Amino acid sequence: MDFNIDFAIRLLVALILGFSLGLERELTNKYAGLRTHILVCLGACVFTLLSIYGFPTFADGDNVIVDQATGVRDTARIAAQIVTGIGFIGAGTVLRNGPMVFGLTTAATLWIAASIGMACGAGMYDVAVISTIISVAVLTLIRVFERQFLPSSGKQVKRFKISVYCSGDDAKKIYECLKSKVDEMKDFTVKKLIENPQKSKISSSFELSNKKVIDEIYDAINNITDADSVSLQELND
């Protein structure tokens, strides 16, 4: 079979556009980042190509694939399942912590990544590129808009999760440190490490209205304990 340069171009465009979407999610430290968005976009493109060109019985002079038995070929049958299948991946990025739900924006980004991949597979480059530009603009510019013009919005409260690996004796110091600096602490847990009972994993999730306090928390914890590692993760969409 001869190498099809047109298919290669479609796959390459899907890879680039998936990278563009995933980069924004990666830079904001979300669960689904570069690799996930690239693979979703690329996979949707491959399935769309298979749906259109993958199962020919015979083709007429205009290269229109038709079914040998009925004379009609449903090229949307496989592509239609992408919309259903992407829901399972998107659901994996949605997390629930009590009344709070995280990851809906990332799930929606995976959904639009699949549609962009389908557009690339169908050769609709204009739709794919414009959709990517609009999607990245929504993810970045709307965040700036909310920060500037909706300062009282509940979304301005940032949610974080911190994990500290250190001696269990330092748990009380860390608790008091967090309690004095965060707006609201949601939970605080201490678990001894099986491989080293002298060490513990201390975890907490909390809310902050001022993101700059994160640096203060990080420095304070490093000052009060000789931690093996300290990791901070933002939980907002």
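The values are calculated or read from the model by the stated rules, or taken from the named source; none is laboratory data. In this text, all values refer to a predicted model and were calculated from it rather than measured experimentally. As a convention, Cβ positions derive from the backbone with ideal geometry for all residues, glycine included, and neighbour counts pool all protein chains shown.
Picking from Asp226, Asp187, which residue would you name as being touching a residue at least 12 places away in the same chain (Cβ under 8 Å), over 29 Å from Gly90 (Cβ atoms) and not assigned by TED's automatic domain parsing to the domain that holds Ala108?
Working: Asp187 fails: over 29 Å from Gly90 (Cβ atoms).
Just one listed residue meets the conditions, Asp226.
Could you tell me which numbered condition Ala128 fails, if it satisfies all but one of (1) more than 21 Å from the chain's Cα centre (by Cα); (2) crowded, with 16+ Cβ neighbours inside 10 Å?
The failed condition is (1).
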